[in-house]
Amino acid sequence: MGIYNLSIGDLGNEIGMAAIEQHIREYIPYAGKNGCKAGTGYGILADTAADNIITATCSDWGCNALMAATAFMLGKPELFHSKEDQATAMDAAAGAGMLDMYGEPRPYIDGIGKNINLPLVSMMKALIEYPPTVEDKTEAWFENTLRKGFFTK
């Protein structure tokens, strides 16, 4: 057994995604032999299989989910970035000339703009910040509801 490894991917071209090779070949266009549009004779499927994988509609979302889960488990919500940081990173990448999947230098991730990416990051941030703020209030949950006779026969 070697070093534990993890892959995060969306289409199967990410290193490690060969762990689910059969599924990728079956469901992802261009994955199989001669699937590459560049005429290489290969498909987009990576050759290397990881020990474990995280699949996501967009690889970045899988990375964000792992980072959010890590921040939550450590009890340190500040480790997860804000939607403002996400916007800055996307704008900086586009400004530096990084091309999106359509060949344009715009602040998109896998063809998805800030209108989707920023609320997703914001929601993840809120989910990891929420539990510590309500932990001390849980004892009082439903007291008023029970006092008013709800949940009685």
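Every number in this text was worked out from the coordinates using simple rules, so none of it is lab data. Given the structure is predicted, the values throughout are model-derived calculations rather than measurements. Note that each Cβ is placed from the backbone with ideal geometry, even for glycine, and that neighbours are counted across all protein chains shown.
A few notes on this one:
- In segment 58-136, the inverse of the mean reciprocal separation of distinct Cα atoms equals 13.3 Å; this is its Kirkwood hydrodynamic radius.
- Sparsely packed chymotrypsin sites (Phe, Trp or Tyr not before Pro) within segment 57-153, loop by DSSP, other Cβ within 10 Å at most 13: Tyr102, Trp141, Phe142, Phe150, Phe151
- Helix-only [θ]222 nm of the chain, DSSP H runs n ≥ 4, -39500 (n - 2.57) each, per residue, nearest 500: -12500 deg cm²/dmol
- 20 Å Cα cut-off, lysine pairs counted over the chain (separation 8 or more, or different chains): 6
- Between Ala69 and Ala140, the simple label model (points 7 Å from Cα in the Cβ direction) yields a spacing of 3.4 nm.
- Taking 0.36 nm per residue of sequence separation and removing the Cα-Cα distance, the Ala96/Asn5 pair yields an extension gain of 29.7 nm.
- Between 0 and 90°, nearest 10: helix 114-134 axis offset from the chain longest Cα axis: 40 degrees
- Tail fraction, Cα-Cα pairs, the chain, threshold 24 Å, whole percent: 53 percent
- Helix 83-95 and the long axis of the chain differ in direction by around 20°, with both axes built from C-alpha atoms.
- Estimated dipole of the chain in Debye, rounded to 20 [Cβ of Lys and Arg +1, of Asp and Glu -1, Cα centre]: 480 debye
- Using the average count of surrounding beta-carbon atoms within 10 Å as a protection proxy, the listed peptides 13-19, 41-47 rank, highest first, as 13-19, 41-47.
- Across all C-alpha atoms in segment 1-55, the radius of gyration and Dmax reach 11.4, 36 Å.
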